[in-house]
Amino acid sequence: MDKEKVSNLQLCLMMYLMIGGTSILVVPSFTAMYAKQDMWISPIIGSVFGFFNVTVAWLLHRRNPGLTLIEQAQRLFGKWMGSILGIVFLLFQIDAIGLITREYAEFIVQAFLPKTPLVMIIGCIVLTCSFAVRSGVEVIGRFAQIFGPIFLCFVLAIFLFLLAEYNYSNMLPVLGTGVMPSLKGSLEPSVWFMEFIFISSVYPSVRQGGNGLKGGLFAVLLMMITMVITNFTCLFLFGESTANLTFPFLSASRFVNIADFFSHVEAIVMALWILGGFVQISMWYYTLALGTAQWMKMTDFRPLVFPVGLLIGVFSIWVAKNFQQMLQYFPTGGTGSSIITLLLLPILFLLVSLVRGSGTRN
Amino acid sequence: MFVLKLLGITLLSAAVFLYDFSIVDPKKKKERAAIAVITCAGWVVAVLLLFAPGLPGPTEWINQVTKPIWIIFYPEG
């Protein structure tokens with residue numbers, strides 16, 4: 001369907017930003033809630049799911065070249081069953097992108113623009129993203145190539161600027177109460193890592209898809225390092241009280257003060273997070289628009305971009321009554337639906353693909 | 001204010017619909033039907049939310065449907 005191509009580096013950075021934007025915002029406090037002082041171990045355990053899902057997506061791509069998950073469903077399960085499984089994916093995606101857009105808007109309203117209506121911020125970002133999505137995957141790839149390294153640098157910079165403020169004894173005792181707390185804390189990061197299955201929507205557009213696996217795995221590795229760094233920042237600075245903060249990393253950036261000269265870095269955090277959020281929403285938007293078009297067997301997804309954008313805007317209001325309900329949703333329904341759609345369904349796809357042996361290996 | 005919001009949603013949906021409808025080749029029936037259905041769905045949900053802001057959303061449904069799974073990990077809810 002899509003003639004545009006992205007490189008392996010762009011694939012890696014796109015996937016990194018697709019997951020990265022929201023993960024640095026709310027994941028540290030969820031992890032701290034369960035893992036306490038071992039919260040830095042949790043992303044490392046959770047990343048197992050990321051590596052696993054990228055490998056599953058790659059194997060599926062190898063057996064069904066040039067097809068995304070939605071098309072693979074119809075190929076592997078036939079017309080009716082495939083359509084039903086396809087709509088499960090699409091419904092999960094519209095719900096997830098609604099949550100992401102809402103999270104983005106809530107972050108901006110709560111932290112920086114308290115008087116701006118939520119609808120205005122949602123409308124602006126969805127409109128901006130819809131132009132990027134209409135331009136195709138290549139444009140989003142180039143955005144990711146520019147913003148991805150900046151995003152990573154800023155995470156590193158905040159960590160380094162705060163070196164003088166850290167209380168390193170916050171991380172002791174390491175594994176003091178056994179491995180269970182960090183295992184339980186790893187559940188929330190692993191939901192974010194499971195979202196790497198959507199790499200399957202970009203695989204068909206990768207130029208000479210020979211080593212796309214490497215790009216995907218490297219994206220998971222980058223994501224893991226970013227999560228460990230943000231968790232370390234929050235742990236050294238706030239200790240176990242990280243769990244009580246809504247946006248721990250933003251609160252951490254407010255502590256940056258070097259020689260009374262270099263302070264109020266949170267403005268940079270906002271600017272950079274908007275860049276990351278823009279790529280993230282565009283990527284989810286793209287996979288959703290592409291998936292919807294493929295589910296209806298259309299030849300082009302572009303006519304669907306604006307209608308889908310309208311639906312995203314409406315869903316981002318509908319998904320939650322308020323911010324508290326949304327935060328409550330992540331460890332409950334969010335985890336449950338992710339395990340079903342992002343972990344169990346792809347495994348089922350792979351098993352069916354292996355049993356039927358229909359795919360050609362290239 | 002209520003009428004203005006309703007008018008705004010309707011105008012926005014109409015703009016999205018007419019723009020995409022006009023650029024698609026009239027022979028492509030499926031594309032046109034898809035645009036109409038998705039835009040209508042967006043408009044209907046938006047108007048419903050305008051009338052009943054407390055309308056149960058997808059989060060509540062997913063929470064109920066997937067309860068057997070997440071209750072394993074988070075028994076305290």
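Any read-out appearing in this document is the output of simple, stated calculations on the displayed coordinates, not a laboratory observation. None of the values given here were measured: they were computed from a predicted structure. A quick note on method: Cβ atoms are made from the backbone with ideal geometry, for glycine too, and the neighbour counts reach across all protein chains shown.
Observations, loosely collected:
- Here the helices (runs of 4 or more DSSP H) wholly within the range A:263-358 that include at least 2 residues being of a type in the set (A, V, I, L, M, F, W, C) and within 14 Å of chain B (Cβ to nearest Cβ) are A:266-295, A:305-318, A:323-329.
- From the options A:THR242, A:THR230, residue that is in contact with a Phe, Trp or Tyr (Cβ under 6 Å, 6 or more places away or on another chain), over 30 Å from A:ARG134 (Cα atoms) and assigned to a helix (DSSP H, G or I): A:THR230
Let's see how each residue does on (1) in contact (Cβ under 8 Å) with a residue 60 or more places away in the chain; (2) surrounded by 14 or more Cβ atoms within 10 Å (Cβ to Cβ); (3) more than 8 Å from chain A (Cβ to nearest Cβ):
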| site | (1), (2), (3) |
| --- | --- |
| B:THR10 | no, no, yes |
| B:SER13 | no, yes, no |
| B:ILE23 | no, no, no |
| B:TRP43 | no, yes, no |
| B:PRO58 | no, yes, no |
| B:ILE62 | no, yes, no |
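- Taken together, the residues in the range A:183-210 that are within 14 Å of chain B (Cβ to nearest Cβ) and either in a helix (DSSP H, G or I) or hydrophobic (A, V, I, L, M, F, W, C) (or both) amount to 9.
- Restricting the range B:45-54 to residues that are facing chain A (nearest Cβ under 8 Å) and under 17 Å from B:THR10 (Cβ atoms) leaves a set whose member that is surrounded by the fewest Cβ atoms within 10 Å (Cβ to Cβ) is B:LEU49.
- Residue in the range B:25-33 that is of a type in the set (A, V, I, L, M) and surrounded by 13 or more Cβ atoms within 10 Å (Cβ to Cβ) present: no
- Any hit, the range B:25-37, residues being basic (Lys, Arg) and within 7 Å of chain A (Cβ to nearest Cβ): yes
- Reported count of residues in the range A:180-195, each being in contact (Cβ under 8 Å) with a residue 40 or more places away in the chain, more than 28 Å from A:GLY216 (Cβ to Cβ) and either over 25 Å from the mean Cα position of the chain (by Cα) or surrounded by fewer than 19 Cβ atoms within 10 Å (Cβ to Cβ) (or both), is 0.
- Qualifying helices (runs of 4 or more DSSP H) (wholly inside chain B; at least 2 residues being of a type in the set (Phe, Trp, Tyr)): B:2-23, B:29-51, B:67-73
- Single unsatisfied condition, A:ASP260 versus (1) touching a helix residue (DSSP H, G or I) at 6+ places or on another chain (Cβ under 9 Å); (2) assigned to a loop (DSSP other than H, G, I, E, B): (1)
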